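Contents: one structure, followed by commentary.
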Amino acid sequence: MSFIREESLSVADSEVFAIIENEFDRQSTHLEMIASENFTSPAVMEAMGSIFTNKYAEGYPNKRYYGGCQFADQVEQLAKDRLCEIFDCRYANVQPHSGSQANGAVYAALLNAGDKILGMDLRHGGHLTHGAKPNFSGKNYHSFTYGVASNGRINYDNVLEIAKIVQPKIIVCGASAYAREIDFALFREIADAVGAILFADIAHIAGLVAAGEHMSPFPYADIVTSTTHKTLRGPRGGIIMTNNEEIAKKIDSAIFPGTQGGPLVHVIAAKAVAFREVLHPSWREYAKAIKSNAKVLAEVLIQRGYELISGGTDNHLVLISLMERDFSGEEASVALENAGITVNKNSIPSDPRPASSTSGVRLGSAALSTLGMKEKEFILIAHRICDVLDDIQNIPLQIQIKAELETLLKGFRVYNYATY
């Protein structure tokens, strides 16, 4: 008698099934505008829920510590090959469970405890893993930061000045809330001037880089990391890339056995599927839509009197400053959620409010662009965002706007409930 119960989830665990149903309903009735989220394809989810869930595969293709890995080898090698093709690089590791673990592996591979790193200040748009003090990157290493100038843009001369004083072993470039293009060539010059390793984290912009809609970190960066679930539109996970064979060997060792055990083969299979989608010619049009939609979103917000950090956007996100408003990013995000628009509160440069409330709101265009929305829809959405924020205590207005936007969303469903 088999101990596997061949029942659907609705029968096997009605409680979890109900929660998933509710999440499906939430995603189907709210505008997803968190810049780090997207809608992945049913094919990616099918691979992620596949039989590979059962397989343990410590090691790397053709160098495993378990038997029965021949097909795990094939799918991992396929993911690696496709990733190298996308970014025109020589080496790739697709095993990191997340972007943070990918970044942690880079530090573990190339640094000793206490070595100096220079990354973007968290409140100026950087990421926790770029040296923030509460994070392992700020605890295990001697971290220093650079930020943005009063215009909201990186001042590369200032970064060079800081680098000359700090003399870091690694310079991190990349961001989680920076709306302008990052000049990797200038970062390369800064790194060379102080003899530092250049590490590019392109988690937010990877899908744009893949389409040629943002400068590529190659050939400038020594090592590149990314997540796979933001603008790359894949499963939740991380990746690491390089053109340096010695660095590649160190990275492989840092991932396994250094910081992770067995890879998540089912997620790697889903990454491979997502990478094939990125290689399709239609990806370029998708990336262009992400940028054009973000641009019109920014333009309307500015026209309606809202200040944007850096005054606009070159990529998929905009960062609204609420410094001159009498409400916080937390209050704004709650009001927008009530109106059916999901965003996230976000710190801004020189933010007087704590991270729990913030003086900023971050918006992204990738997920709604995946649904097929164009500039026309983004103009309407931008006006509704402003309507909510202009009268933030008006609950009936929020309910009215939510109903309007639910009607809009009915024409842009990405999943059918029976097949999602």
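Listed by first and then second residue, the pairs linking a residue in region 1-23 that is surrounded by 11 or more Cβ atoms within 10 Å (Cβ to Cβ) to a residue that is polar (S, T, N, Q), with Cβ atoms under 7 Å apart and 6 or more places separating them unless they lie on different chains, are Phe17/Ser10.
Taking strands (runs of 3 or more DSSP E) as the structural unit, those lying wholly within region 131-213 and holding at least 1 residues that are in contact (Cβ under 8 Å) with a residue 24 or more places away in the chain, out of contact with any helix residue (DSSP H, G or I) (no Cβ under 8 Å at 6 or more places or on another chain) and not β-branched (Val, Ile, Thr) correspond to 142-146. Assigned to a helix (DSSP H, G or I), of a type outside the set (Ser, Thr, Tyr) and at pLDDT 95 or above, is that true of Ala79? Judged against the criteria, Ala79 is a match. Among residues belonging to region 317-336 that are touching a residue at least 40 places away in the same chain (Cβ under 8 Å) and in a helix (DSSP H, G or I), point out the one that is surrounded by the most Cβ atoms within 10 Å (Cβ to Cβ). Per the stated criteria, the residue is Leu336. Filter region 219-269 down to the residues that are touching a Lys or Arg at 6+ places or on another chain (Cβ under 7 Å) and either under 20 Å from Asp88 (Cβ atoms) or not assigned by TED's automatic domain parsing to the domain that holds Ala177 (or both) and list them by number. The answer is Tyr220, Thr228, Gly234, Asn243. Within region 246-268, the residues that satisfy the criterion of being in a helix (DSSP H, G or I) and closer than 19 Å to Tyr56 by Cα are Asp252, Ser253, Ala254, Ile255, Phe256, Pro257, Gly258, Thr259, Val265, His266, Val267, Ile268.
Select from region 124-141 the residues that are within 17 Å of the chain's Cα centre (by Cα) and surrounded by fewer than 23 Cβ atoms within 10 Å (Cβ to Cβ) and write down the one among them that is nearest to Ala177 (Cα to Cα).
From region 124-141, those within 17 Å of the chain's Cα centre (by Cα) are 124-130; that's our starting set.
Next, only the ones that are surrounded by fewer than 23 Cβ atoms within 10 Å (Cβ to Cβ) stay: 124, 128.
Values: His124: 8, Leu128: 11 Å.
Selected residue: His124.
Quick check, is Ala355 assigned by TED's automatic domain parsing to the domain that holds Lys295 and within 22 Å of Ala132 (Cβ to Cβ)? So Ala355 passes the test.
Only residues that are of a type in the set (Gly, Ala, Ser), out of contact with any Leu (no Cβ under 6 Å at 6 or more places or on another chain) and modelled with pLDDT of 95 or more: list them for region 15-40, please. If you could, list the steps in order and put the result at the bottom.
Of the residues in region 15-40, the ones of a type in the set (Gly, Ala, Ser) are 18, 28, 35-36.
Okay, now just the ones that are also out of contact with any Leu (no Cβ under 6 Å at 6 or more places or on another chain), so 18, 28, 36.
The answer is Ala18, Ser36.
Filter region 183-213 down to the residues that are among the charged types (D, E, K, R) and either surrounded by fewer than 19 Cβ atoms within 10 Å (Cβ to Cβ) or at pLDDT below 95 (or both) and list them by number.
Initially, region 183-213 is screened for residues among the charged types (D, E, K, R), giving 183, 188-189, 192, 201, 213.
Matches in region 183-213: Asp183, Glu189, Asp192.
Could you please let me know if Ala108 is part of a helix (DSSP H, G or I) and over 29 Å from Arg362 (Cα atoms)?
Details: part of a helix (DSSP H, G or I): yes; over 29 Å from Arg362 (Cα atoms): yes.
Here the answer is yes, as Ala108 does meet what is asked.
Filtering region 224-245 to residues that are among the polar types (S, T, N, Q) and either part of a helix (DSSP H, G or I) or more than 19 Å from Asp81 (Cβ to Cβ) (or both) leaves Thr227, Thr231.
Residue-by-condition table, conditions (1) touching a helix residue (DSSP H, G or I) at 6+ places or on another chain (Cβ under 7 Å); (2) of a type in the set (Asp, Glu):
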| position | (1), (2) |
| --- | --- |
| Asp351 | yes, yes |
| Ser357 | yes, no |
| Leu363 | yes, no |
| Thr370 | no, no |
| His383 | yes, no |
| Val388 | yes, no |
| Gln393 | no, no |
| Gln398 | yes, no |
| Lys410 | no, no |
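Just one of the listed residues (Ala272, Ala298, Ala287, Ala335) is outside the structural domain of Met120 (by TED's automatic domain parsing), within 24 Å of Ala79 (Cβ to Cβ) and at pLDDT 95 or above, and it is Ala287.
Quick grid of which residues meet (1) farther than 30 Å from Pro235 by Cβ; (2) among the aliphatic types (A, V, I, L, M):
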position	(1), (2)
Leu118	yes, yes
His124	no, no
Asn140	no, no
Asn151	yes, no
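Scan region 71-84 and give yes if some residue there is surrounded by 11 or more Cβ atoms within 10 Å (Cβ to Cβ) and in contact with a Gly (Cβ under 8 Å, 6 or more places away or on another chain), otherwise no. Within region 71-84 (the criterion being surrounded by 11 or more Cβ atoms within 10 Å (Cβ to Cβ) and in contact with a Gly (Cβ under 8 Å, 6 or more places away or on another chain)), the answer is no, since none of the residues qualifies.
Could you look through region 344-375, keep only residues that are among the aliphatic types (A, V, I, L, M) and surrounded by 22 or more Cβ atoms within 10 Å (Cβ to Cβ), and pick out the one that is nearest to Thr145 (Cα to Cα)? Walk me through how you get there before you give the answer.
So the first thing to find is which residues in region 344-375 are among the aliphatic types (A, V, I, L, M), and the list is 348, 355, 361, 363, 366-368, 371, 373.
Within this subset, residues satisfying the condition of being surrounded by 22 or more Cβ atoms within 10 Å (Cβ to Cβ) are 348, 361, 363, 366-368.
On the way: Ile348: 15, Val361: 22, Leu363: 24, Ala366: 28, Ala367: 31, Leu368: 33 Å.
Among residues in region 344-375 that are among the aliphatic types (A, V, I, L, M) and surrounded by 22 or more Cβ atoms within 10 Å (Cβ to Cβ), the one nearest to Thr145 (Cα to Cα) is Ile348.
The single condition from (1) surrounded by fewer than 24 Cβ atoms within 10 Å (Cβ to Cβ); (2) part of a strand (DSSP E or B) that Gly119 fails is (1).
The values are calculated or read from the model by the stated rules, or taken from the named source; none is laboratory data. Being a predicted model, the structure only gives us computed values, none of them experimental. Here the Cβ is made from the backbone with ideal geometry for all residues, glycine too, and neighbour counts use every protein chain on show.
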